[in-house]
Amino acid sequence: MKYHPINPKLFIENRKRFTAEMEAKSIAIFNSNDIFETGADSTLPFHQHRDIFYLSGVDQEESVLVLYPDATTATHKEILFVKETSELIAIWEGEKLSKEKATQVSGIETVYWLSEMETILNDLIPSAANIYINQNNHKRAPRQMQTREDRFILQLQQQYPHHRYLASYNLLFELRGIKSDIEIALIQQACNITKKGFDRVLNFVKPGVWEYEIEAELMHEFLRNRSKGFAYTPIIASGYSACVLHYIENNQQCKDGELILMDTAAEYANYSSDLTRTIPANGRFTERQKSVYQSVLNVKDKATAMVKEGTLWSDYNQAIGEWMTEELLNLRLIDKVDVQNQTKELPAYKKYFMHGTSHHLGLDTHDYGNFTDQMKANMVLTVEPGIYIPKENLGVRLEDNIVVQKNQAPINLMQHIPIEIEEIEEKMNA
Ligand SMILES: [Mn+2]
């Protein structure tokens, strides 16, 4: 791991919050992700499953977390299983978690080798009435691949068909939506690394650079600051490509007069930041580009001011729609007739701003958390309006990461990253 050790209080508190929501006489089990095989003896780098990380801080493959608050043996209320290591294994595979180290990271006293799991689970499960399993129930989950968790669940249900199975996902979806101070500090750290990358890019970009060269500059800065790299697949889209919302080829040359939309940010300690900035390839916006940019910034600023505890998601989205409509009328992209003819399902502004404005941010870039009710303190949200005009080869999106507060203005974790037109131009021409 490149990141500094995390205060285990984070994971101890997370377990407390999770177990407080569990039904009585229940056991909950969480698995690591697989190491994904790509062919021959090759694998992708390991990415820990966010839920076991959230509850234990263990960032290693083949780990299993068991939570059983009503266990009769006190030492079995929290158990961590990790794969066995030794000095010999360390020589071949590198340093893995010892039992002591696993306790240090997680705050869990009882650590066993994975080889002991079957015996111990066979001892614990019969006394539990319910088993919390951790299937990925996200509504946009790809579901193409059987995960380590899926295989474990199949085996479990075969062995214990008469237990009542409950979904950890439902509890975690709510819990992970509200961030602790330690988590906010980690996301801030990711934002700080992202800022370094963006500052570097402002100095680097000129007409003729290739999108992948910008990607390389960012990666360089991220890695030297203890990030594993991009928090999500980076979008570096010059000219027309900015209107392709999920453009990830990053293989075009940035031409004089074009804008470059960059939705690129670093992860830190598995926490995401999520930045979008749009800059002119030659360091100066045209008048038209300025107008469109300022419209997006106006909507973003107004939306951000609305991010506070108690704001209803429905009011928020409604207001943004109205502000965006006003801006698009001013830009003469839509007219009054378009607005008169719009329907609730297809408002006129959607032609130029077709995605949502906000999502939760945390261990996942599109993190767990509610959109149905109202905003709550310590939610971390993105605010990211955009205007995309394919016929002008022009797309602008601006995105910051915002912490919801109670009775006060929200905290912008990207406050220090240049966004105003003058500031961008000044830094690019310094
Ligand atoms: Mn985003």
Label-point separation, Ser291 to Thr119 (7 Å along Cα→Cβ), nm: 7.7
Between Lys77, Lys179, Lys391, find the one with the highest GNM mean-square fluctuation for the chain; connect C-alpha pairs within less than 10 Å. Lys391
What part of the accessible area of region 9-134, given as a whole %, is carbon or sulfur when the probe is 1.4 angstrom? 52
Pull up all non-local amide H partners of Met414: gap of 5 or more, or a different chain, and H-to-H distance under 5 Å with H placed in the peptide plane. Asn401
Helix-derived [θ] at 222 nm for the chain: sum -39500 (n - 2.57) over DSSP H runs of at least 4, divide by residue count, nearest 500? -11000 deg cm²/dmol
Cα-based reach from Lys101 at 26 Å (exclusive), listing lysines while leaving out same-chain residues under 8 positions away: Lys2, Lys9, Lys16, Lys77, Lys83, Lys179, Lys228
Hey, can you list the DSSP H helices of the chain whose Cα span along the axis is 27 Å or longer and whose average Kyte-Doolittle score is at least 0.0? 181-204
Leaving out ligands, DNA and RNA, and with a 1.4 Å probe, what % of the accessible surface on region 311-430 is carbon or sulfur? 48
Rounded, prolate or oblate, given the Cα gyration tensor of region 181-428, with a/c below 1.5 counting as rounded? oblate
In terms of the alpha carbon gyration tensor, root eigenvalues a ≥ b ≥ c, rounded if a/c is under 1.5 and otherwise prolate when a/b exceeds b/c or oblate, region 225-360 is oblate
Among Pro69, Pro142, Pro234, determine the one that fluctuates most according to a GNM of the chain built with springs between C-alpha atoms less than 10 Å apart. Pro142
Among Thr72, Thr357, Thr38, which one shows the highest mean-square fluctuation when the chain is modelled as a Gaussian network with alpha-carbon springs under 10 Å? Thr38
Would you please classify the overall shape of region 315-430 from the alpha carbon gyration tensor, given that a ≥ b ≥ c denote the square roots of the eigenvalues, rounded means a/c under 1.5, and beyond that prolate means a/b larger than b/c while oblate covers the rest? oblate
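The values are calculated or read from the model by the stated rules, or taken from the named source; none is laboratory data. All figures in this text were calculated on a predicted structure; none of them were measured in a lab. Positions of Cβ are generated from backbone atoms using ideal geometry, with glycine treated the same way; all protein chains shown enter the neighbour counts. Heads up: the accessible areas ignore ligands, DNA and RNA and are worked out on the full protein's heavy atoms, side chains in. Shrake-Rupley method; radii C 1.70, N 1.55, O 1.52, S 1.80 Å.
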